[in-house]
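A short write-up of the structure that comes next.
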Amino acid sequence: MSKRKVVIVSAALISVVLISLVFYFTLRTPIIGIIKGAENEIIEIDGITYIVDDLAENGANSYSSADRGNFIGVVSNGDITMRVYTVNGDSNGDFIYALWDWEGNFYVRKD
């Protein structure tokens, strides 16, 4: 390879890396809360605590994963990161839906 081609390829690679870093730092989702508990059963967002919910116990068994609403943000405990969503049909904001990889759980606000 000629010296000119090496310079062009190197410049292109450096440009791609720099653009990727800019996108990573400007578009990454901020962490809005933390996950607690031995089995990640507690989420705390802005001082509000949510616990894993058995929907049948709370009379809200009409909700399913299809009721996942708008994306709120990300919660983490340093090892695990979950994406948090509102729940469609929950006008009081008592429930959130947290998705970790392909598995999701409903969490209910603890008063």
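Read-outs: derived from the displayed coordinates by stated rules, not from any lab. Small disclaimer: the values here were computed from a predicted structure and weren't measured. Cβ sites come from the backbone with ideal geometry, for glycine too, and all protein chains shown count toward neighbours.
Considering only residues that are in contact (Cβ under 8 Å) with a residue 24 or more places away in the chain and over 10 Å from the mean Cα position of the chain (by Cα), look in segment 81-90 and name the one that is surrounded by the fewest Cβ atoms within 10 Å (Cβ to Cβ). Among residues in segment 81-90 that are in contact (Cβ under 8 Å) with a residue 24 or more places away in the chain and over 10 Å from the mean Cα position of the chain (by Cα), the one surrounded by the fewest Cβ atoms within 10 Å (Cβ to Cβ) is 89.
Being closer than 19 Å to residue 31 by Cα, in contact with a Leu (Cβ under 8 Å, 6 or more places away or on another chain) and in a strand (DSSP E or B): is that true of residue 85 here? Write out each step before concluding.
Working: closer than 19 Å to residue 31 by Cα: yes; in contact with a Leu (Cβ under 8 Å, 6 or more places away or on another chain): yes; in a strand (DSSP E or B): yes.
In short, yes.
Take segment 91-111 and flag every residue that is in contact with an Asp or Glu (Cβ under 8 Å, 6 or more places away or on another chain) and either touching a residue at least 40 places away in the same chain (Cβ under 8 Å) or not in a strand (DSSP E or B) (or both). Within segment 91-111, 95, 105, 106, 107, 108, 109 qualify. Check segment 52-64 and report whether any residue there is part of a strand (DSSP E or B) and at negative phi. Checking segment 52-64: at least one residue is part of a strand (DSSP E or B) and at negative phi.
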